[in-house]
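Structure first, commentary second.
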Amino acid sequence: AAKGGGRGQYRFYSSDLEEGAKLRRLLEEDLRDALDRDELSMYYQPIVKSDTYNVAAFESLIRWEHPERGFVSPEEFIAVAEDLGIINQIGEWALRKACMQAVEWPVDLRVAINVSATQFVQDGFVDQVKSALQASKLKPERLELEITESVFIGDAAQTQKTFLELKELGVRLALDDFGTGYSSLSYLQHAPFDKIKIDQSFVRGATDPDNNNAAIMSAIVGLADALGMETVCEGVETKDELKLVTARGATHIQGYLFSRPIPHEEAIESLSKGDLKYEPRGPERSRSE
Ligand code: C2E
Ligand code: MG
Ligand code: MG
Ligand code: MG
């Protein structure tokens, strides 16, 4: 469209790019200071069992509250942190913070923490995990690390060694955004995952009979089942989607239908009240976004 659109449109496109580059430079400068300025925090989103809707875990999701821009999405700034070479610092902060906060919960729920592939493959990652467990006194079996398929792009032997060392520590491993990344199943031959998270792009539109998502979902659940792994369906927003993913056999569900990510204080508050069972509260049909 930029090519065929004539001069004016090209200029518009180009200034759009410039705008994007400028914004990114600003974010880069500010992100370096975000930790020191205490602008990062953790939100938590429940993962519920699909048979009882009881909460099984909370996933920690990092938030950056920029003084002028408000909340900047991790979708945006994690990639920036990777490029700047500060993902390790931010990732270690996230790991420690979530472990420390999880021990404050009045119920011994599991905490699922996202780990960037760049952080995961670095020397010393296992030591980071050990030290976060020691500092927080969190029981290792309460910690679940969520990694994506992109860790398999790196040195296979090294990655396998890291997996085994983490299992040795007693922490759990989940494969996040399954089906969207590096698309080879051979890595499932040896990787000791406890859980597969089916990416929300498969849930989206799965209730529409004209696409293959429901069939793909069944196949992933069957695969995980055969390998002795749990399955989480991400991004469930409507009751129709809930019905569908439950029928397809997912063991766990996560999505706005049950709860959006909430601040740590709110998570504590709801756990203190004994709110362990969630209700599907979203809209019947249309998606909220
Ligand atoms: P993710 O790990 O796949 O997390 C799920 C994302 O989907 C979260 O976005 C969550 O808020 C959102 N989500 C949950 N339920 C629904 C739903 O029903 N509908 C829709 N539309 N979205 C839903 P968020 O919090 O913006 O995080 C985005 C991504 O950023 C995460 O994807 C993860 O890859 C990354 N991330 C978040 N926190 C961290 C962190 O502490 N460390 C690292 N390395 N990455 C993180
Ligand atoms: Mg995740
Ligand atoms: Mg995901
Ligand atoms: Mg994701």
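Converting the Cα gyration tensor eigenvalues of the stretch 11-87 into ellipsoid dimensions via √(5λ) gives semi-axes, longest first, of 32, 17, 11 Å.
How large is the Kirkwood hydrodynamic radius of the chain, in angstrom, based on all distinct alpha carbon pairs? Spell out each step's value before the answer.
Values: mean 1/r = 0.0490 Å⁻¹.
That comes to 20.4 Å for the chain.
Taking only protein heavy atoms and a 1.4 Å probe, the accessible area of the stretch 31-116 is 41% carbon and sulfur. Once the C-beta distance of residue 161 and residue 141 is scaled by a Förster radius of 22 Å, the resulting FRET efficiency is 0.55 to the nearest 0.05.
Would you mind counting up the charge near residue 163? Only other residues with Cβ under 14 Å from its Cβ, with Lys and Arg at +1 and Asp and Glu at -1.
Values: positive: 161, 167, 172, 195; negative: 144, 146, 149, 155, 165, 168, 194.
Cβ neighbours under 14 Å give a net charge of -3.
Each of residue 19 and residue 83 was given a label point 7 Å from its Cα along the Cα-to-Cβ line. The distance between the two points is 1.8 nm.
Accessible area of residue 169 (1.4 Å probe, protein heavy atoms only, ligands and nucleic acids ignored): about 50 Å². Averaged over residues, the count of other Cβ atoms within 10 Å places the peptides 231-242, 29-40 in the sequence 231-242, 29-40, highest first. For residue 277, the lysines whose Cα comes closer than 18 Å to its Cα, not counting residues fewer than 8 places off in the same chain, are 49, 239, 243. With the Kirkwood sum run over all distinct C-alpha pairs, the stretch 82-184 has a hydrodynamic radius of 14.0 Å. Taking 0.36 nm per residue of separation and subtracting the current Cα-Cα distance, fully stretching the chain between residue 226 and residue 169 would add 18.0 nm.
Full extension of the chain between residue 131 and residue 65 gives 21.1 nm of extra length, using 0.36 nm per residue less the Cα-Cα distance. The base-10 log of I(q)/I(0) for the stretch 15-160, evaluated at q = 0.20 Å⁻¹, reads -1.28 [Debye formula, identical scatterers on Cα atoms, solvent excluded].
Length gained on full extension, residue 73 to residue 187, computed as 0.36 nm times the residue gap minus the Cα-Cα distance: 38.0 nm.
Remark: the chain carries 51 Å² of accessible area per residue (probe radius 1.4 Å; ligands, DNA and RNA excluded).
To put it simply, the accessible area of the stretch 131-231 at a 1.4 Å probe is 52 percent carbon and sulfur.
The values are calculated or read from the model by the stated rules, or taken from the named source; none is laboratory data. Computed from a predicted model, the values in this text were never measured in an experiment. Neighbour counts are summed over all protein chains in view; Cβ atoms, including those assigned to glycine, are modelled from backbone coordinates with ideal geometry. Surface areas here come from the heavy atoms of the whole protein model, side chains and all, with no ligands, DNA or RNA. Shrake-Rupley method; radii C 1.70, N 1.55, O 1.52, S 1.80 Å.
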